[in-house]
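One structure below.
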Amino acid sequence: MIERVYLNVSSPERVNARKLGADWDEIERGWWINLSNVDEFYSYWPEAVPSRYRPDCRPPYVLSDMIPRNTWYVNLRSAMTKEGWYRLRQKVYDKAGNRCQVCGGKGSRWSVECDEQWAFIEPGYDGVGTQLLRCLTALCPDCHSLRHLGYSSVVGRLPQALEHMAYINRWTDEKCKNYETEAFGQWARRSSMTWQFDIESIKAVLRPFGVDSSEVKFQQFAGHFIPQIANHSQDISTLEPTKQHETKAEVESPIEVLNPVEKSNSWRLLGLVVSVMVVCVLTVAIGMVLLQSSTPTVRTATPVAPALQPLDPALVRNIQEAAEDWHGKVTKVGRRLELDTLPESVQAMDEYHQLMDEADKYERPRRTLNVVRGWARRGIKGKKALRRLRARVKGLRKAREHR
Ligand SMILES: [Zn+2]
């Protein structure tokens, strides 16, 4: 029996594919070989075989990238112009022959999507973790939905994503459920840490695609991304989206340009010495500032301070619980409002919760919630619903002021 395995063959490589025995499928528009020939084909041309069929790859083939909340809005896509990103994306697609690099499949509405694969090195001596860009891959929408379980859950597609996860990784439903819990736990843990980007890793990934450095706003990746957890009791849903810290001192500090991959040992040693000095100076400075100010402020802590304090396990637990609770809320609200994209919906989510809390102060609790549900039933969802909610709360606020 013939089972077709679709390959990642770019257009200029089609002659080689033909020579190695691959066939062109005109309807599916892709190069394929029979499953029984995969091992032989792989020995000649490993890069063309999607990872799910590679003899040296074992499941799981796709796991979720749990991007910490503090760096959610910081990615290549947002650091480039729309045209620049589209051009780069197209190069990734072309290289993969417009086929998923995991399963060889493609989507029904569009073939593939571009996935930024990040790696996370958890905080070391300086209390700051490093987020590195590993590669850009073309994935079919189904496989891509597994890479961002948070997003899938926001748009109400988590069950479908988990179903595909079971299929692609050859997992049982129970294993998928366990993984989901584990992944969101990991996300909560990462969200409680301070991160910095390894800008060199981003440049290294972009180089083979011929992207000019001037096309990317690298300053977006500079600085520390600290967790927005102000105190134990604060609900995670009321926190503001992380602001970027771009003070001159931070950008110039040697901790920011730490590159664990390419630096020579002497440079690394020098970096370490300078970092320790900077940390000492900052500790003294922060100490002095704290001594001088009699009223402690919660939200305006300097970005470096949390990195220096070891995390209290009770606080981490608290954050995890809050994150789970928040995740539950996001899922519910996401389904109700049917928001379109992740950055918008998460921002919308924060605003939504703030407005709801405010509304509860002005009128019978949950009254506004019922109103919003009514809108959703009548098809008023997403941005439209949020606009209405804003107007409603404004009205309630005014009515309270006039009373
Ligand atoms: Zn796929």
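Please specify each residue of the range 152-161 satisfying the condition of being under 13 Å from Ser64 (Cα atoms) and at pLDDT 90 or above.
Correct list: Ala161 only.
Considering every residue within the range 14-30, establish whether at least one is touching a Gly at 6+ places or on another chain (Cβ under 7 Å) and surrounded by 18 or more Cβ atoms within 10 Å (Cβ to Cβ).
Yes, that holds for at least one residue.
Just checking, does the range 92-114 include any residue being loosely packed, with under 13 Cβ neighbours inside 10 Å and in contact with a helix residue (DSSP H, G or I) (Cβ under 6 Å, 6 or more places away or on another chain)?
Checked the range 92-114: no residue is loosely packed, with under 13 Cβ neighbours inside 10 Å and in contact with a helix residue (DSSP H, G or I) (Cβ under 6 Å, 6 or more places away or on another chain).
Checking Ala79 against (1) within 16 Å of the ligand (Cβ to nearest atom); (2) farther than 16 Å from Val5 by Cβ; (3) of a type in the set (A, V, I, L, M): exactly one of these is not met. Which one?
Only one criterion in (1) within 16 Å of the ligand (Cβ to nearest atom); (2) farther than 16 Å from Val5 by Cβ; (3) of a type in the set (A, V, I, L, M) is unmet by Ala79, namely (1).
Regarding the range 110-122, can at least one residue be identified that is farther than 30 Å from Asp23 by Cβ, part of a helix (DSSP H, G or I), among the hydrophobic types (A, V, I, L, M, F, W, C) and touching a residue at least 24 places away in the same chain (Cβ under 8 Å)?
The answer is no, given that none of the residues of the range 110-122 is farther than 30 Å from Asp23 by Cβ, part of a helix (DSSP H, G or I), among the hydrophobic types (A, V, I, L, M, F, W, C) and touching a residue at least 24 places away in the same chain (Cβ under 8 Å).
Just for helices (runs of 4 or more DSSP H) wholly inside the range 30-104: which have at least 2 residues that are out of contact with any Ser or Thr (no Cβ under 8 Å at 6 or more places or on another chain) and free of Cβ contacts under 8 Å to residues at least 24 places away in the same chain?
Numbers: elements: 38-44, 76-79, 82-95.
Counting at least 2 such residues, we get 38-44, 82-95.
Can you find, within the range 102-136, the residue that is nearest to the ligand (Cβ to nearest atom) among those that are under 20 Å from Gly210 (Cβ atoms) and not aliphatic (A, V, I, L, M)?
Asp115
Restricting to helices (runs of 4 or more DSSP H) lying wholly in the range 139-220: which have 1 or more residues that are surrounded by 22 or more Cβ atoms within 10 Å (Cβ to Cβ) and within 15 Å of the ligand (Cβ to nearest atom)?
Those helices (runs of 4 or more DSSP H) span 141-147, 149-154, 158-169.
Residues of the range 48-61 being away from the ligand (no atom under 14 Å from the Cβ) and surrounded by fewer than 13 Cβ atoms within 10 Å (Cβ to Cβ), which ones?
Across the range 48-61, the qualifying residues are Pro55, Asp56, Arg58.
The values are calculated or read from the model by the stated rules, or taken from the named source; none is laboratory data. These numbers come from a predicted model, not from an experiment. As a convention, Cβ positions derive from the backbone with ideal geometry for all residues, glycine included, and neighbour counts pool all protein chains shown.
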